[in-house]
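Engineer: Dropping the structure in here first, questions after.
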Amino acid sequence: MLEIIADIKRDYIKRIVESGKRLDGRGPDDYREIKIERDLYKTAEGSALVSIGGTQVIAGVKMILGEPFPDMPNQGVLTTSAELIPMASPTFEAGPPKPPAIEVARVVDRGIRESGAIDTEKLCIVEGEKVWVVFLDLHVLDYDGNLFDASTLASISALLSAKMPKLEDDRVIYDERKDPLPVKEKPISTTYAKIGGTVVLDPSLEEEQVLDARLTLATVESGDLCAMQKGGSGAFTKEEVLNTIDRGIEKAKELRKLLKV
C-alpha cells in the first residue's frame, strides 16, 4: 500500500513540475525563502545559521595550531565535517557519519578548496612546521531538502564572519580576535533536480524523494565553474548539463549578494 501511495505521489509531482509549476507555487528557477544569521556563538571564530525554506544548517569555524601537510609546507589546513543529527529528520541516525553526511561535507569542502576561497598561504606561521588548522563544522538542524546549497551558504557566511585568534609567543589567545580570516573568494553552490523531463532549482524534500537525477554546481564570482557533483540514478543530457550550468552561474550571483557583511 505504501508503494502504491508513493507511486501516485511521484506521478502527481512529476505532472505538476512538467507543467511548469511546483507544489509550493515556485517557478523552476526560484529558491525558497533564504535567511542568514551570523556570529551566533562567541566560542567559535565564526558561525552562521542558514535556512532555505524548512532546511536549517549551522556552520561553525574553529582554529588551532598544527602541522602542514608535507606536500604543502607553506599552507594552512582546512578540514570539513558534517553531522546530520536525528532530530533534523526521522531518516538520520546517531553514530559515526553515514554516506549522506560524508557527501555533504565533501561537496562543501571541494567547492571551498577548488575555488581557492581561503588564502591558505596566509595561514602559515613557520613553513614546514606550524600553520593554522581551520575546522569547518556543519550541523543540520532541520532537513526539508537541498542540504548542499544551505550547507555551502552557511559555510561561506561563517568563514566570512570569522576572526583569527591572537597568537603571542606560540600561545593562542582565543579571547582576543581581531584579524579576519583571509577569505579571497566566495564559492556558491546551486542544486538542480531533474524530475521527469524538467530540471528545477532548489528541490524540496518531496521533490528530492521523486527526482531522477541531481546536479550541484559550485561557481565563483567570475562565473567560472569550480566543482560539480551528480546524484541520483538518472542522467542528464549534454544539453541539460550545459543549460543548468548557465542557470546556476546566474542564480549564484543573486545568492552571493546575500553574503555581504
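Engineer: Among the candidates 215, 201, 211, 205, which residue alone is within 22 Å of residue 53 (Cα to Cα), aliphatic (A, V, I, L, M), out of contact with any helix residue (DSSP H, G or I) (no Cβ under 7 Å at 6 or more places or on another chain) and in contact (Cβ under 8 Å) with a residue 24 or more places away in the chain?
Structural biologist: Unique residue meeting the criteria: 205.
Engineer: Out of the residues in the stretch 158-197 that are hydroxyl-bearing (Ser, Thr, Tyr) and crowded, with 17+ Cβ neighbours inside 10 Å, which is nearest to residue 133 (Cα to Cα)?
Structural biologist: Taking the candidates together, the pick is 161.
Engineer: Right, something else. For the stretch 31-84, what are the residues that are closer than 23 Å to residue 125 by Cα and aliphatic (A, V, I, L, M)?
Structural biologist: 44, 61, 63, 64, 65, 72, 77, 78
Engineer: Can you tell me which residue within the stretch 75-119, out of those that are modelled with pLDDT of 95 or more and over 25 Å from residue 190 (Cβ atoms), is surrounded by the fewest Cβ atoms within 10 Å (Cβ to Cβ)?
Structural biologist: Among those residues, the one meeting the criterion is 77.
Engineer: Identify the single condition in (1) surrounded by 18 or more Cβ atoms within 10 Å (Cβ to Cβ); (2) more than 27 Å from residue 34 (Cβ to Cβ); (3) among the hydroxyl-bearing types (Ser, Thr, Tyr) that residue 155 does not satisfy, given that it satisfies every other one.
Structural biologist: Of (1) surrounded by 18 or more Cβ atoms within 10 Å (Cβ to Cβ); (2) more than 27 Å from residue 34 (Cβ to Cβ); (3) among the hydroxyl-bearing types (Ser, Thr, Tyr), only one is false for residue 155: (2).
Engineer: Continuing with this model, one more query. Consider the stretch 17-35. How many of its residues are buried (at least 16 other Cβ atoms within 10 Å of the Cβ) and not in a loop (DSSP other than H, G, I, E, B)?
Structural biologist: 2
Engineer: Tell me the residue from 178, 184, 230 that is among the basic types (Lys, Arg) and touching a residue at least 24 places away in the same chain (Cβ under 8 Å), please.
Structural biologist: Going through 178, 184, 230 in turn, the sole match is 184.
Engineer: In the stretch 94-111, which residues are part of a helix (DSSP H, G or I), charged (D, E, K, R) and over 12 Å from residue 151 (Cα atoms)?
Structural biologist: Residue satisfying the conditions is 110 alone.
Engineer: Just checking, how many residues over the stretch 112-137 are part of a helix (DSSP H, G or I) and under 15 Å from residue 158 (Cα atoms)?
Structural biologist: Residues in the stretch 112-137 being part of a helix (DSSP H, G or I) and under 15 Å from residue 158 (Cα atoms): 1 in total.
Engineer: Still on this structure, please answer the following. Does residue 81 meet the test of being farther than 19 Å from residue 160 by Cβ, assigned to a strand (DSSP E or B), under 16 Å from the mean Cα position of the chain (by Cα) and among the hydroxyl-bearing types (Ser, Thr, Tyr)?
Structural biologist: It is true that residue 81 is farther than 19 Å from residue 160 by Cβ, assigned to a strand (DSSP E or B), under 16 Å from the mean Cα position of the chain (by Cα) and among the hydroxyl-bearing types (Ser, Thr, Tyr).
Engineer: Turning to a different aspect of this structure: Residue by residue through the stretch 51-64, note down the ones that are out of contact with any Asp or Glu (no Cβ under 8 Å at 6 or more places or on another chain) and surrounded by 15 or more Cβ atoms within 10 Å (Cβ to Cβ).
Structural biologist: Within the stretch 51-64, 57, 58 meet the criteria.
Engineer: What number of residues within the stretch 211-241 satisfy the criterion of being of a type in the set (Asp, Glu) and exposed (fewer than 15 other Cβ atoms within 10 Å of the Cβ)?
Structural biologist: The qualifying residues number 3.
Engineer: Let me ask something else. Kindly indicate whether any position in the stretch 37-46 is in a strand (DSSP E or B) and surrounded by fewer than 15 Cβ atoms within 10 Å (Cβ to Cβ).
Structural biologist: Checking the stretch 37-46: at least one residue is in a strand (DSSP E or B) and surrounded by fewer than 15 Cβ atoms within 10 Å (Cβ to Cβ).
Engineer: Moving to a separate point now. In the stretch 161-214, what count of residues is obtained for those that are closer than 30 Å to residue 253 by Cβ and among the aromatic types (Phe, Trp, Tyr)?
Structural biologist: 1
The values are calculated or read from the model by the stated rules, or taken from the named source; none is laboratory data. Keep in mind that this is a model prediction, so the values were computed, not measured. With ideal geometry, Cβ positions are generated from the backbone for all residues, glycine too; neighbour counts draw on all protein chains shown.
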